[in-house]
Amino acid sequence: MRGQSALFVAILACPVTIAPLVAAPAIEKSVVRIVNHAQRPSWYTPWGTGAMQWATGSGFVIEGGLIMTNAHVVSDSRFLALFLYGDPNPHEGRVVVEGHDCDLALIRPVEPKILEGVPALPIGGLPSLRSMVETYGYPSGGDQISSTQGVVSRIDRQLYAHSAADGHLAVQTDAAINPGNSGGPVVQEGKIVGVAFQNNKAMESVGFFIPTEVIRHFLADAKDGTYAGYPDLAVRTASLENPAARRLAGMQEGESGVRVDWIAPDSSADGWLRTGDILLRIEGETIANDGSVASGELRLPFGLLVDRRQIGETLPVRILREGARKDLGIPLKGYPENLRYSNQYDRRPRYYVYAGLVFVPLDREMVKTFGDDWMSDASSELVYELLFRPQGEPALLKKERVVLLRRLDSPVNANIPFFKNILVDKVNDKTIDSLEDLVRAIEENKAPYHVFEFGYFGRVAVLDRAEADKANAQILKDYGVAKDRNL
Amino acid sequence: MRTITCILLSALATLTLAAQTTRVSFESQVVVLVVTTQDYDEWRPWEKKTPETRTVQAVVLDGSLIATTADLVENATVIFVEKHGRPLREPARIVHVDADANLALLTVDKPGFFADLTPAALAPSMPTEGQVSTVRWRSGQLEISASRISRIEVGTSYLGALEHASLMVETDLSGGGWSEPLFAEGRLIGLTFAQDEKSATVTPVDILRASLESPRTPAGYREFANLELSWEVNRDPALTRYLGLEGEPRGILVTQVPWGSSACGALYPRDILLGLDGHAIDAAGNYQHRRYGQLKFTQIVVDGHHAGDVIPGEVLRDGKKVPVRLTLRPARSANDLVPVRTGGAAPPYVIEGGLVFRELDGEFLRTWGKDWEKKAPPFLMTGYDLFRTTQTPGRRRVILLAYVLPSAYNLGYGNLETLPVARINGRDVDSIADVDEAFRHPEGEFHRIVFQPNPVRAELVLDAATLDKATQEILDEYQIPERRRLRKTPLPDLGGACPDRPATHGAP
């Protein structure tokens, strides 16, 4: 399940010292302070090495000599320092696997023996509403471990701020979850019931933790050492609370469900579901007209039942199509095309520089070069192409839109009238559906000019090919661009 | 945009420039309008907002006329005139408004009202430099402030469709921009239209004169024209060579021609417009005006021309110079798919089953407040920015489900808002009248509203049999007097679609 919100913030901190705790019960012994020395590239200067930064988070020891934490605690890491309870010496750790869509990661110490004698915390279940939980970690305000207590106040689907595009089950608590708590265990009756991971700027005294159903999903996926991620139906559905809408859909009295409004091409649902189908049941559970299903004492969005499956498994659904009820088993797969909507980590930006023109793919990181308020600050054509145009033209999700991000000024390109944040439709009469298409269109051109046709308003720019080829190497040198591309 | 700066009486900033005779003369040429306006509530278009009263300036013209900027009398419920700084008020009547040119002419019907007033003499044209006087009445005193002409600039008028040269002045007047007249050597040179800090924008006498003279011509009022095309500068030698133009870069590259514009059928994307009406256009899109110097080329179609005129031009098309003739069409905000402003027109709307339908326009978007361009829903703003002038003969307006008045009848739809409608009951909807008509033709037992692609919802369905009863109950519940307001006057006739580009050979 995917969504958009800016309210949730992942929590990292740089703590200072307070007085030590009196005793060291079992839980504390298993909690680890993690200092991540990271290097994050700039999507505006994509050839650069990126700024160094450091932040602290928390983690805890689990079975197998591993430390579990949040993906956002260890993202873009160059060096991880682990501090065990009561041990002032840093120990190097290495990331084993990260799940950016569920904000979980596993670390292994370079010297496994340091975890000898440290208890692995057992993983429990979903805590009940109104039950008490304890959080442990190394939040801001000191170097020593801190624990807090709180009540489980809500269990619902939440946007996971780390990717900013994925939503999964999350538990809300009034236990203080502060910067630095990230990755720390949330415990009930001696068992892990969650991993602290984010709070919400719009709400006071509220923190969120990742429940064990998400943790177990991650561990099962990561068992082979790689993480494939969540399956994605990649459909948009509409509620059917209105009786007229249900009658038109041919639903019987008492029948409930949601209407399939939109399907992403080549997704799990594509070929199995059609626009206008009514989803009646999923995993044998009745879908209510608001899209919720019963789950124990809760009602949860039906998409969370898809979350409980792994890629490669089959999802049983019952649909109503043209008056007939059908039971389908939909083979589930991920939808990597949606990664364009996610924050990116642990990879270098893709780009291509030619004659001082910097081309990049249109994705969330590209529009974030306008800042956090990119949805209002980025140019309309970028926002429209990224978020809205695929609603009417889903096939665009199978393509990559390319943006002329900026210009490295040079006499050869100085007179181009449009040179930043502009969509490239065609180069040398070839439609550009990927960064690679653009590179080919430029490098294979034998005509005297390179002709760039941009999206919207019929804008066009031309480079003299011979002059551009001649200037290219010098521009790269002048601006310190070591490599002209990362495809 | 009219910008209000803090209004402080500043004796230091007010200079007595003119001799006593000039002051007396201004006293009989400049009057005050006390205008009460009441705008429509764009979210509840069946009602008006709280009335507002403001004091603005106006100038007396020949023929018992008073001129002010049109934006100040938009949605006026009553207008009074005060003369000679005395609070004795007489009701005024609007006799002519050109909202796109942003000029309004008023008169006072009371016999003898103009007897002690003097029509301002119009300057032959805008002065291009030097000191001028900005004049206004304030607390019964005539205030004459020094202003200095800084430049002449082609800009967009209030409604957003017309481009014309305006006078930019630096002024000692505080809090201006409310149609204060400016005089040079005792003659009227324009009316302020906006002021930001000390910089004022002045609608020039050239526009005023043409607006005044037009009603007196036998053909009646002739609107101003504009080109309304998308273009880019042609300063790049590589682009110029690629397009086959010999010599230095010059002219502008036409990139998009909206339907209904003066360029429709005469200019085409990839044309280089080299000249218009005998003026050469340079690579930056400027031409040399005989009095005002270098100006943006769009001024050519306003300078001495009106809608209906035919002007010659020259383009480079497919490497060949080709003569073209442009029949000038009126510059009207209403032509656009998403009009920037509607000039105070009552917003058309329809309410069916609690669903409030209206058109997308700049008036609606500006309800998101001062930073509306950042705060209005991105989905609407991207449409406004990218598709504002993409009207076609089959698509003149974007119809929105603005929001829903929640009731049991429309259960489940209460949180829907600002969704663009594509079809209702299988019929394309391109106006509020289309919406009204479509609801008379249910699809069997249902009304089915299909939206244009959007991130929220594809369609919604209502029960047809109970629609009228439910609508009436909702109108009663929400105390809404009228179920609909349709457009009183049809949208401007923009003729047939722009003809295809002439067949060419050897196009680059």
Hey, rough spin-label estimate for B:E47 and A:K483, points 7 angstrom out along Cα→Cβ, what's it come to in nanometres?
6.4
Ignore the peptide's own chain and count Cβ atoms of other chains within 10 Å of each Cβ in B:324-333; give me the average, rounded.
0
When the scattering of the stretch B:210-299 is computed by the Debye formula from its Cα atoms alone, each counted once and equally, what is log10 I(q)/I(0) at q = 0.16, 0.17 Å⁻¹?
-0.72, -0.78
Reachable aspartates and glutamates from A:K398, criterion Cα separation under 12 angstrom, eight or more residues apart if same chain
A:D266, A:E337, A:D433
Can you flag which of A:K223/A:K368; B:K49/B:K370; A:K368/B:K374; A:K201/A:K368; A:K201/B:K374 are past 25 Å Cα-Cα?
A:K223/A:K368
Cβ-Cβ cut-off under 14 Å around A:V133, Lys and Arg +1, Asp and Glu -1: the net charge is 0
Over what distance in Å are the Cα centres of the stretch B:361-410 and the stretch A:81-138 separated?
50
Axial C-alpha extent at least 18 Å, average Kyte-Doolittle at least -0.5 - helices from chain A (DSSP)
none
Considering only the other residues whose Cβ falls under 15 Å of the Cβ of A:R318, what net charge follows from Lys and Arg at +1 and Asp and Glu at -1?
0
If you take all C-alpha pairs in the stretch A:167-208, what percent of them are over 14 Å apart?
45
Order by protection proxy (mean Cβ within 10 Å, highest first), peptides B:413-421, A:186-194:
A:186-194, B:413-421
So if I take the centroid of the Cα atoms in the stretch B:268-314 and the same for the stretch B:101-120, what is the distance between those two points in Å?
35
Taking a 20 Å limit on the Cα-Cα distance, which of the listed pairs B:K110/B:K488; A:K399/A:K430; B:K48/B:K488 fall beyond it?
B:K110/B:K488
Straight distance only, please: which aspartates and glutamates reach the Cα of A:K477 with their own Cα at less than 15 Å, same-chain residues fewer than 8 apart left out?
A:D409, A:D469
Let me know the charge dipole size of the protein assembly as shown about its Cα centre in debye, to the nearest 20, where only the beta-carbon of Lys, Arg (+1) and Asp, Glu (-1) is charged.
840
Tell me whether chain B comes out rounded, prolate or oblate; compute the Cα gyration tensor, take square roots of the eigenvalues as a ≥ b ≥ c, and use a/c under 1.5 as the rounded threshold.
oblate
Roughly how crowded by other chains is peptide B:409-418, in terms of the mean Cβ count from those chains within 10 Å of each of its Cβ atoms?
3
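Place a +1 charge on the Cβ of each Lys and Arg in the stretch B:43-145 and a -1 charge on the Cβ of each Asp and Glu, then give the dipole magnitude about the Cα centre in debye, rounded to the nearest 20. Write down the numbers at each step before the final one.
On the way: 11 positive and 13 negative charges, 91 e Å.
Result for the stretch B:43-145 is approximately 440 debye, rounded to the nearest 20.
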Among B:F193, B:F114, which comes first, second and so on when ranked by fewest other beta-carbon atoms within 10 Å?
B:F114, B:F193
What does the structure give for B:226-239 when I average, per residue, the other chain Cβ atoms found within 10 Å of the residue Cβ?
5
Stretched out fully, how many nm does the piece from A:K470 to A:R247 gain, at 0.36 nm a residue minus the Cα gap?
73.5 nm
Each label sits 7 Å from Cα toward the beta-carbon; between B:E170 and A:T49 the label points are separated, in nm, by 4.9
Potential lengthening between B:E129 and B:D371 on full extension [0.36 nm per residue; Cα-Cα distance subtracted]:
83.6 nm
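Within 14 Å, Cβ to Cβ, of A:Q252, how many net charges do the neighbouring residues add up to if Lys/Arg are +1 and Asp/Glu are -1? Show your work: numbers first, answer last.
On the way: positive: A:R246, A:R247, A:R281, A:R318, A:R325; negative: A:E253, A:E255.
Cβ neighbours under 14 Å give a net charge of +3.
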Loop only per DSSP, at most 14 neighbouring Cβ atoms within 10 Å: give me the GluC sites (Glu not before Pro) in the stretch A:444-483, ordered by residue number.
A:E444
Kirkwood Rh, angstrom, the stretch A:312-387 [1 / mean 1/r, Cα pairs]:
16.0
Let me spell out the model: positive unit charges on the Cβ of Lys and Arg, negative unit charges on the Cβ of Asp and Glu, origin at the Cα centre of the stretch A:182-230. What dipole size does that give, in debye rounded to 20?
40
Lys/Arg Cβ at +1, Asp/Glu Cβ at -1, dipole of chain B taken about the Cα centre: which of B:V202, B:S139, B:F183 is farthest positive-ward?
B:F183
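Each value in this text was obtained by applying a stated rule to the coordinates, not by laboratory testing. Bear in mind the structure is a predicted one, so any value in this text is a computation, not a measurement. Don't worry about glycine lacking a Cβ; one is built from the backbone with ideal geometry, like all the others, and counts go over all protein chains shown.
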